[in-house]
Amino acid sequence: MEQRGRESAGKPVGRRVVLGVLGLGAAGVAFGAKIQNQLDNVLAEVSSKDPTGLTQLLPGGGGFQFYNVADSIPHRNATDYRLTVDGLVDRPASYTLADLQAMQQTRLVKDVQCVTGWRVPNTEFSGVLLRDLLAMSGVQQQGTAIRFSCFDGVYTESLTLDEARRDDVIIAHQMNGSPVTSAHGGPVRLYVAPMYFYKSAKWLSGITVTSQVEPGYWEHYGYDVEAWVGRSNGRDDAPTSN
């Protein structure tokens, strides 16, 4: 989810800083993907301390609201990133970013819907079907759910095994044709297209097969475990995936 669960530490951002970031937003539009990662990180750090809401209007943000559940934006690169698959599986595994990029890829273009109301239409995510990773590891008979952990040390999420095996649930390393930036949860994040965006855990580092659903970070703050867009959390938004 691109939403903050608690107030970040530090002083509110001032008008001068906001105006400076507005200039960065314009630069992002002018120079394109080359500086998008740096721009996303600046926007995420500043908007988390911005009581004015002005940073949500920046052209570089692409319609997303940048918030963070930890104290800062965590970072991993292609060298130090690892994704583990473990728990109730026959063949635990660890994957590098290059491993994931070399696998068969799936591209999804869907609307992203936040449970707080904002929506970003026609957002592209590309990566590996979660069900393919699970199949390679061999889910044991008692495995009925998945727990996702993240390298920020805070974010967690869950799905049932049936949900995880859908063809619109991927382990994404590309977003809108470019690598997923750190601010958007990269280098690898979960993308669960038919559910509210808090289910699409950022900074994904672990996929653990469990015997039952273990509610994630946002569910402990009152969000629904079953987060289908338009059919949960008291909302009636149009579906994002069929």
Cβ pairs under 7 Å, 6+ apart or interchain, first in the range 95-117 and in a helix (DSSP H, G or I), second open to solvent by 60 Å² or more (accessible area, probe 1.4 Å), ordered by first then second residue, are Leu97/Ala78; Ala98/Ala78
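Collect the residues in the range 186-242 that are assigned to a helix (DSSP H, G or I) and either farther than 21 Å from Val69 by Cβ or among the aromatic types (Phe, Trp, Tyr) (or both), keeping them in residue-number order.
Phe197, Tyr198, Trp218, Tyr221
Look through Gly153, Gly234 and report the one residue that is open to solvent by 40 Å² or more (accessible area, probe 1.4 Å) and under 17 Å from Cys114 (Cα atoms).
Result: Gly234 is the single residue among Gly153, Gly234 that is open to solvent by 40 Å² or more (accessible area, probe 1.4 Å) and under 17 Å from Cys114 (Cα atoms).
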Can you tell me which residues in the range 66-91 are surrounded by 14 or more Cβ atoms within 10 Å (Cβ to Cβ) and either at pLDDT 95 or above or of a type in the set (Phe, Trp, Tyr) (or both)? Phe66, Tyr67, Tyr81, Arg82, Leu83, Thr84, Val85, Asp86, Gly87, Leu88, Val89
Failed item, numbered, when Asp162 is tested on (1) farther than 21 Å from Val115 by Cα; (2) open to solvent by less than 20 Å² (accessible area, probe 1.4 Å); (3) free of Cβ contacts under 8 Å to residues at least 40 places away in the same chain: (2)
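Specify which of the listed residues (Ala70, Ala78) is of a type in the set (A, V, I, L, M), part of a loop (DSSP other than H, G, I, E, B), over 17 Å from Ile170 (Cα atoms) and in contact with a Leu (Cβ under 8 Å, 6 or more places away or on another chain). Please lay out each step first, then the result.
Details: Ala70 fails: in contact with a Leu (Cβ under 8 Å, 6 or more places away or on another chain).
Within the list Ala70, Ala78, the selection yields Ala78.
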Can you name the number of the only condition in (1) over 18 Å from the mean Cα position of the chain (by Cα); (2) in contact (Cβ under 8 Å) with a residue 24 or more places away in the chain; (3) part of a strand (DSSP E or B) that Thr123 fails? (1)
Can you confirm whether the range 95-118 contains a residue that is open to solvent by less than 30 Å² (accessible area, probe 1.4 Å), touching a helix residue (DSSP H, G or I) at 6+ places or on another chain (Cβ under 7 Å) and modelled with pLDDT of 95 or more? yes
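The values are calculated or read from the model by the stated rules, or taken from the named source; none is laboratory data. As the structure is a prediction and not an experimental result, all values here were calculated from the model. Counting neighbours? That spans all protein chains shown, and the Cβs are built from the backbone with ideal geometry, glycine included. All accessible areas refer to the heavy atoms of the entire protein, side chains included, with ligands and DNA or RNA removed. Shrake-Rupley method; radii C 1.70, N 1.55, O 1.52, S 1.80 Å.
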